[in-house]
Amino acid sequence: MLPLNFRIAIASLSAHKLRAILAMMGVFLGALAFTGVQHVSKIMVKRAELETEKLGPNLYSVMAGQVRFTRSGNARLSGVTRNFTIQDAQALIDGVPSVLEGTPYVAQSMKVRGNGNAVNVQLLAAWPNFQDIRSFHPQYGRFFDWKEVHDRAMVCVLGQTIATALFDDAASAVGQQIYLYRASFRVVGVMEAKGRDVSGTDQDEIMLVPITTYMRRASNQNWISGVFLRLSKDAGRDTVDDAVQSIMRKRHNIDKGEADDFSAMSPKDAMQLQRQALDLMTTLGAITSSISFGVGGLGILSIMILVVRARRVEIGIRRAVGGRRRDIIRQFLFESGLMAAVGGGLGVLVTVILVTIGCSLADLPLILEPASLSVTLIGSCLLGVAAGAYPAWQAANIEILDVLKS
């Protein structure tokens, strides 16, 4: 029975190719929009999770000023103060529960020179345990040590992009001299390539120096930008937030009702904002795909009604030679379901191709959800069957005598 129904359906659709294609187009666009948005959303969430891991396990930051996030999750710092000290950082490291280790840091955008080249860098002055807190280690050479921090040594570690820009080859940068203002720094290491983090900062455009060297020999300042803390896995976020608030407000003499002059955050805060933006995109995509599916269903409905009218003679003859009503219903339901299945199948196929190519070109994690693709395909078939129900009922109720008279 199925091969015969299939042959009849193919013959019917082939006779009116343009109408069939237009009917399938709505289902195709609906399937493409639904599966496409679902996959893009999951891929972006996965990328955000991977970028969060790049910043270090259970990282928590407290910094001077107020951090604001854009809808994309990128961080912007405003209202920066100069009253955050190393003593504040040490108080947080010692006083906040679940802190395993921490490092104060100073962050500045500067220009450095070396080998006849000049580039802008994100200078970060910190303690040697920065590399463990941020899970960011040298690929060539080494990191500066505690003795060099104590001695305020003029040494530095470069990010991959900066080392390549200055010396063409990252490995050859080790042992070279670079200049910050007129101060000469010896490159002792080049960090592994890491790319952008969840806040949008390119970690390969960094220059790391001992914090004592920068504060006393480069800038002569007594304030820092903030502190990086590594928390234990079972750390309670609310408990940590409360402890940070209590310690910092007390040390900075902030009265009740006054705004904080510092911010506390973790990479998951930025990731949460990105997820909210992606959730909005997913919702809009679901609405768009629903409209497309609805248009596709109406297209199939209208075309099947026209098909029934055009094939009244065929239907009457089939009834006259013994065709049953249920056979007629099955035939037209099969045809409408076939149109929707082809449209939905093409939408799913195009989604798989575009997602695969896009992830390869953009270096994104490839995620293909068989469940989502299968549900979309099955839903398309059911939509076609539902759209063809009324035309099939019309076809099954055509009177044989009326057809023969006409």
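The values are calculated or read from the model by the stated rules, or taken from the named source; none is laboratory data. As the structure is a computational prediction, the values presented were derived from the model and not from experiment. In this analysis, Cβ positions are derived from the backbone assuming ideal geometry, glycine residues included, and neighbour counts consider all displayed protein chains.
Out of all the residues in the range 85-94, is one or more in contact (Cβ under 8 Å) with a residue 12 or more places away in the chain, within 29 Å of Arg186 (Cβ to Cβ) and not in a helix (DSSP H, G or I)? Taking every residue of the range 85-94 in turn, at least one turns out to be in contact (Cβ under 8 Å) with a residue 12 or more places away in the chain, within 29 Å of Arg186 (Cβ to Cβ) and not in a helix (DSSP H, G or I). Count of the range 228-256 residues, restricted to those that are polar (S, T, N, Q) and either under 21 Å from Ser135 (Cα atoms) or touching a Leu at 6+ places or on another chain (Cβ under 7 Å) (or both), is 1. Taking the condition hydrophobic (A, V, I, L, M, F, W, C), under 27 Å from Arg330 (Cα atoms), crowded, with 16+ Cβ neighbours inside 10 Å and in contact with a Gly (Cβ under 8 Å, 6 or more places away or on another chain), does Ala395 pass? Against the criterion (hydrophobic (A, V, I, L, M, F, W, C), under 27 Å from Arg330 (Cα atoms), crowded, with 16+ Cβ neighbours inside 10 Å and in contact with a Gly (Cβ under 8 Å, 6 or more places away or on another chain)), Ala395 does not qualify. The condition of being among the polar types (S, T, N, Q), modelled with pLDDT of 70 or more and in contact with a strand residue (DSSP E or B) (Cβ under 6 Å, 6 or more places away or on another chain) holds for Thr81. Of all residues in the range 310-329, at least one satisfies being in the same structural domain as Val40 (by TED's automatic domain parsing), part of a helix (DSSP H, G or I) and in contact with a His (Cβ under 9 Å, 6 or more places away or on another chain).
So, in the range 337-376, exactly how many residues are more than 25 Å from the chain's Cα centre (by Cα) and not β-branched (Val, Ile, Thr)?
Initial filter on the range 337-376 (more than 25 Å from the chain's Cα centre (by Cα)): 337-346.
In the following step, the residues that additionally are not β-branched (Val, Ile, Thr) were identified as 337-341, 343-346.
Within the range 337-376, residues that are more than 25 Å from the chain's Cα centre (by Cα) and not β-branched (Val, Ile, Thr) number 9.
Could you look through the range 365-385, keep only residues that are among the hydrophobic types (A, V, I, L, M, F, W, C) and in contact with a Gly (Cβ under 7 Å, 6 or more places away or on another chain), and pick out the one that is nearest to Phe334 (Cα to Cα)? For the range 365-385, the residue satisfying everything is Val385.
With respect to being within 22 Å of Ala31 (Cβ to Cβ), free of Cβ contacts under 8 Å to residues at least 40 places away in the same chain, assigned to a helix (DSSP H, G or I) and in the same structural domain as Ala310 (by TED's automatic domain parsing), Thr356 fits the description.
Here Thr164 meets each of (1) out of contact with any Leu (no Cβ under 6 Å at 6 or more places or on another chain); (2) at pLDDT 95 or above with one exception, condition (2). Scanning the range 244-261 turns up no residue that is closer than 18 Å to Phe136 by Cβ and assigned to a loop (DSSP other than H, G, I, E, B).
Per the conditions (1) part of a helix (DSSP H, G or I); (2) of a type in the set (A, V, I, L, M, F, W, C); (3) over 30 Å from Asp363 (Cα atoms); (4) touching a strand residue (DSSP E or B) at 6+ places or on another chain (Cβ under 7 Å), the sole criterion not satisfied by Ile224 is (1). For Leu338, state whether it is assigned to a helix (DSSP H, G or I) and modelled with pLDDT of 85 or more. The answer is no for Leu338. If I filter the range 334-347 for residues that are acidic (Asp, Glu), over 17 Å from Gly30 (Cβ atoms), in the same structural domain as Ser292 (by TED's automatic domain parsing) and surrounded by 15 or more Cβ atoms within 10 Å (Cβ to Cβ), do I get at least one hit? Yes, there is a match, as at least one residue in the range 334-347 is acidic (Asp, Glu), over 17 Å from Gly30 (Cβ atoms), in the same structural domain as Ser292 (by TED's automatic domain parsing) and surrounded by 15 or more Cβ atoms within 10 Å (Cβ to Cβ).
When the residues of the range 131-172 are filtered to those that are free of Cβ contacts under 8 Å to residues at least 40 places away in the same chain, hydrophobic (A, V, I, L, M, F, W, C) and surrounded by 19 or more Cβ atoms within 10 Å (Cβ to Cβ), the one that is farthest from Pro104 (Cα to Cα) is Ala170. Residue check: is Arg249 without any contact (Cβ under 8 Å) to a residue 40 or more places away in the chain and over 37 Å from the mean Cα position of the chain (by Cα)? When the stated conditions are applied, Arg249 does not pass them.
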